[in-house]
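Working notes, beginning with the structure itself.
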Amino acid sequence: MNLLKATGTIGGLTLLSRVLGLLRDSLFARYVGAGFASDAFLVAFRLPNMFRALFAEGAFASAFVPLFNQKVADPAGRGLPEGLTFAEQALAVLLPVLLAMTVLLEVFAWPVTLVLSGRFNGVSEAQFAFAVELSRYTIPYLMLISVVSLFGGILNSLHKFWVNAAAPILLNLTLIAALLLFHTADPLQTARIQAIAVSVSGLLQLLWLAWACRRNGVRIRLRRPRLTPEVRRLLALIWPAAAGAGAVQINLLISTALAASLLAHGSVTYIYMADRLNQLPLGLIGIGLGTVLLPTISRQLGGGEEAAALETQNRGMELALFLTLPATVALVVCGEPIAAALFGYGKFTPQDTHYTAQALAAFSVGLPSYVLVKVLTPGFYARQDTKTPVRYATLSMLVNLVGNLVLILPLQHMGPPLATAIASTVNVGLLYRMLARRGHFAADARLRRRAPRLLLAALAMGAVLWATQGLLMPYVHGTWPVRFAALTVLVSAGMLVYGLATVVSGAFSRDDLSLLLRRRRPSS
């Protein structure tokens with residue numbers, strides 16, 4: 001499999017979803033602003049978002065895919081039919097659990113909202129009841145997205161990566177339509193409509209994946225629940241895999257609760273908007289790499305190709321650094337014009353924009369580590385080791401909690417993002433050290449040579465952007481076409497400088513360019 005091509009396909013669709021997400025957030029900032037209404041919706045949205053990351057991008061991607069691949073690739077088995085039988089058995093057990101969990105969360109929405117928000121900061125009983133109401137609207141999304149993740153895992157294993165990657169686009173389109181068609185002058189009512197739209201989007205995603213499965217010859221039947229040995233194995237892997245892959249999301253959950261309870265209204269919104277900008281490169285790079293690496297490495301290891309698996313991880317890490325280092329520098333240096341262009345109008349004030357840019361700078365420090373977690377954890381999951389990542393994820397969550405408590409009051413809205421970045425960096429260090437100790441990963445000569453040169457190229461790009469961004473500031477507050485043009489100039493200038501710097505520094509050689517040109521040249 002062509003790692004770059006597959007990652008590019010997923011990354012391209014994920015990029016489209018992220019761009020639509022930014023449009024959604026821009027409209028949300030315009031019609032709702034930064035205050036209690038926006039904070040209440042974002043707290044209600046945090047739980048579905050976390051489950052999406054844990055299940056759609058975490059537990060099923062890490063536990064279900066290797067087991068499903070083993071069934072499909074087993075030369076002594078029946079191939080795909082045996083894999084689909086396993087999928088039906090898994091769904092038969094998981095669906096009743098998901099239904100029960102949804103009912104329990106609906107019944108206990110009040111304490112759930114309390115945990116997620118710390119009861120906010122100085123709100124009335126009526127305001128907190130409104131936040132609980134929004135949580136009840138979003139909770140069904142948890143069950144829907146978990147079933148979506150099972151269908152998506154099957155399609156990923158069949159190398160139909162684009163179908164699952166396109167599903168989140170429906171979430172953004174649904175929320176955008178709700179904002180454009182049903183917004184009101186009352187921010188509370190607009191927030192209520194958004195919460196309802198979240199669960200509607202989950203149903204649309206489920207219908208999309210079910211249709212795609214049938215189009216690809218995959219028909220999943222409902223069975224009576226039975227705890228077969230394969231299902232027991234899956235259940236044993238899911239929970240630690242969810243915690244290991246979702247450390248960043250759990251850290252964000254802690255950060256949201258502390259910010260809502262200790263900081264002024266609007267702080268949750270600043271942190272959320274900053275995280276959304278930070279998620280743009282993370283979604284483009286990290287999710288695409290993680291989705292492709294796990295089935296690729298598990299198949300290579302299943303075939304006894306240890307050297308090929310090591311090469312795949314080295315190239316995955318190299319690609320991650322090549323793409324994340326310039327993104328990190330750009331978001332730290334140019335956070336103010338980016339936030340102003342995307343969010344700074346309507347009910348979102350210049351002060352809101354400034355605070356969002358500060359939170360973005362703190363988040364972005366950890367961007368390489370957020371992505372490298374996606375590169376390193378497949379090295380464990382492909383060997384069906386989910387316990388080690390969860391131990392390290394738990395430790396990183398403790399680091400995040402301590403960091404939040406230490407930093408949130410002196411740094412305000414910058415404290416939680418910075419604590420999250422530090423915790424993710426600790427997680428990456430532990431994962432890397434264990435893989436190296438076991439002999440499952442070693443940086444090859446090419447990676448060791450290119451990594452510092454990529455960093456140098458990114459810093460050179462940052463220096464140029466720092467010196468020139470002031471020229472664009474008057475334009476990021478203009479009309480939408482002017483804002484878009486200013487951002488296009490900023491991004492294009494950064495890409496051009498970074499591209500030249502990689503060539504000058506030797507991070508990208510002439511041989512690489514020649515090879516790329518040969519691959520692009522059509523065959524005769």
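Only the coordinates and a few stated rules stand behind these numbers; no lab work does. Small disclaimer: the values here were computed from a predicted structure and weren't measured. Virtual Cβ from ideal backbone geometry, glycine too; neighbours counted across all protein chains shown.
Distance from the alpha carbon centroid of the stretch 395-419 to that of the stretch 456-510 works out to 31 angstrom.
Available extension along the chain between Ala308 and Val491 is 62.4 nm, counting 0.36 nm per residue and deducting the alpha carbon span.
Semi-axes of the equivalent ellipsoid for the stretch 367-420, computed as √(5λ) from the eigenvalues of its C-alpha gyration tensor and ordered from largest down, come to 28, 12, 4 Å. With a sphere of radius 12 Å drawn around the Cβ of Leu42, what net charge do the other residues whose Cβ falls strictly inside it have (Lys, Arg +1; Asp, Glu -1)? Net charge in that neighbourhood comes out at -1. According to the square roots a ≥ b ≥ c of the eigenvalues of the Cα gyration tensor, what is the shape class of the stretch 188-229, taking rounded for a/c under 1.5, prolate for a/b larger than b/c otherwise, and oblate for the remainder? Since a/c reaches 1.5 but b/c is at least a/b, the shape of the stretch 188-229 is classed as oblate.
Ranked by how many other Cβ atoms sit within 10 Å of their own Cβ, fewest first, the residues Ile145, Ile196 fall in the order Ile196, Ile145.
Which FRET efficiency value, to the nearest 0.05, is calculated for Ala177 and Arg219 with the Förster distance at 25 angstrom and r the Cβ-Cβ distance?
Given R0 = 25 Å and the Cβ-Cβ separation, E is 0.20.
Sorted ascending by nearby beta carbons within 10 Å, beginning with the fewest, Cys334, Cys213 become Cys213, Cys334. The label-point distance for Leu23 and Thr468, in a model that sets each label 7 Å from Cα toward Cβ, rounds to 2.8 nm.
For Leu431, neighbours were defined as the other residues whose beta-carbon sits under 12 Å from its Cβ, and their charges (Lys and Arg +1, Asp and Glu -1) total +4.
Could you please report the charge total around Val132, scoring K, R as +1 and D, E as -1 over all other residues with beta-carbon less than 11 angstrom from its beta-carbon?
-1
Between rounded, prolate and oblate, where does the stretch 130-202 land on the alpha carbon gyration tensor, with a ≥ b ≥ c its root eigenvalues, rounded for a/c under 1.5, else prolate if a/b exceeds b/c? Cα axes put the stretch 130-202 in the oblate bin.
Sorting Lys387, Lys347, Lys374, Lys71 from the fewest to the most surrounding beta carbons within 10 angstrom yields Lys387, Lys347, Lys71, Lys374.
With r defined as the distance between the Cβ atoms of Val503 and Lys387 and R0 fixed at 41 Å, what FRET efficiency is calculated, to the nearest 0.05?
On the way: r = 44 Å, r/R0 = 1.06.
Calculated value: 0.40.
For the peptides 274-280, 129-135, 356-362, residues were scored by their other Cβ atoms within 10 Å and the scores averaged per peptide; the highest-first order is 356-362, 274-280, 129-135. Placing pseudo-labels 7 Å out from each Cα toward the beta carbon at Glu125 and Ala185 gives an inter-label distance of 3.0 nm.
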